[in-house]
Structure formats: structure tokens, C-alpha cells
Amino acid sequence: MGCISSKAAADAAHQKEEEEAALGPPSEIMDASDHAQDLVMIVSKTIGLHLDVMSLDDLKATQMITRAVSKLNDGTMYYVKAQTGLDEWPWIFVKIYEPPEVTDVSPVTFKGIKKMKDDFKLVTF
């Protein structure tokens, strides 16, 4: 079993390295657009699962950073800072990939989340 989990961890690390290599430089931090708010709402169920809540009615995107995906199949990676309205995790950073063409049921892919108790400057991860 140790070999399987080690291989899985190595594969995940390799995939993360490839993804990072395919990303262009980050944009400047900017106010979240209506499009960023829409993206966050599309993945809100997944965000809720990570925060252990059933619904996030007060989820509000406040800032965003974009990075072009150049090597794989293009598209855009969004890093969005959002206010949750929750006492335990009032702030989150959400990583969302938007492909250039919709080829699946969901138009975007949830890639990760960072949960925070305090308001921090948005960063890529």
C-alpha cells in the first residue's frame, strides 16, 4: 500500500508541476468582475462541500487574478477571493479553470480552495 500512495502522491505532484508550467504570468489583482462572481456561483456547491455547509447564500467575489493557460488546451485560470458570510471561514481563495470551449456538463472546473479566518491579500496557489 505504501507504494501505491507514494506513486499517487508523485503523480499528483507531477500533474501540479505540469499545470504550473502551462500557466502564463499572473495579472495584477483587480476587483472581481461579474463574470468572476458567476464562476464562483457555478462551483458554489463544491465550495460548500469543502466548507462543510449546505448552502452559501452570501458568497461574494471581491478580487481576482487571471492567468492564461498556454500549453495544454488554452483557457483561463481564475484565482478569486470571496467573502463567505461564515463565522468559521469568512474568507476563501478559489481556483477555477475556464476552458476556451465548453465540452462537458460544467463550463468550468473547480481546481482548489484556501480557507482563511482573516482577510489576506489574494495570491495564486
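The values are calculated or read from the model by the stated rules, or taken from the named source; none is laboratory data. Keep in mind the model is a prediction, meaning the values are calculated, not measured. Positions of Cβ are backbone-derived with ideal geometry, glycine not excepted, and every protein chain shown enters the neighbour counts. In case anyone asks, the SASA skips ligands and DNA or RNA and just uses the protein heavy atoms, side chains included. Shrake-Rupley method; radii C 1.70, N 1.55, O 1.52, S 1.80 Å.
Here are the numbers for the structure shown:
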{"item": "Of all residues making up the stretch 30-79, the number that are in contact with a helix residue (DSSP H, G or I) (Cβ under 7 Å, 6 or more places away or on another chain) and either within 14 Å of Val108 (Cβ to Cβ) or at pLDDT 90 or above (or both)", "result": "5"}
{"item": "The stretch 80-106: number of residues that are β-branched (Val, Ile, Thr) and closer than 19 Å to Leu59 by Cβ", "result": "5"}
{"item": "Hey, Lys95 under 13 Å from the mean Cα position of the chain (by Cα), among the basic types (Lys, Arg) and open to solvent by 40 Å² or more (accessible area, probe 1.4 Å) or not", "result": "no"}
{"item": "Residues that are under 17 Å from Met41 (Cα atoms) and either open to solvent by 20 Å² or more (accessible area, probe 1.4 Å) or part of a strand (DSSP E or B) (or both), drawn from the stretch 103-125", "result": "Val105, Ser106, Pro107, Thr109, Phe110, Lys111, Gly112, Ile113, Lys114, Lys115"}
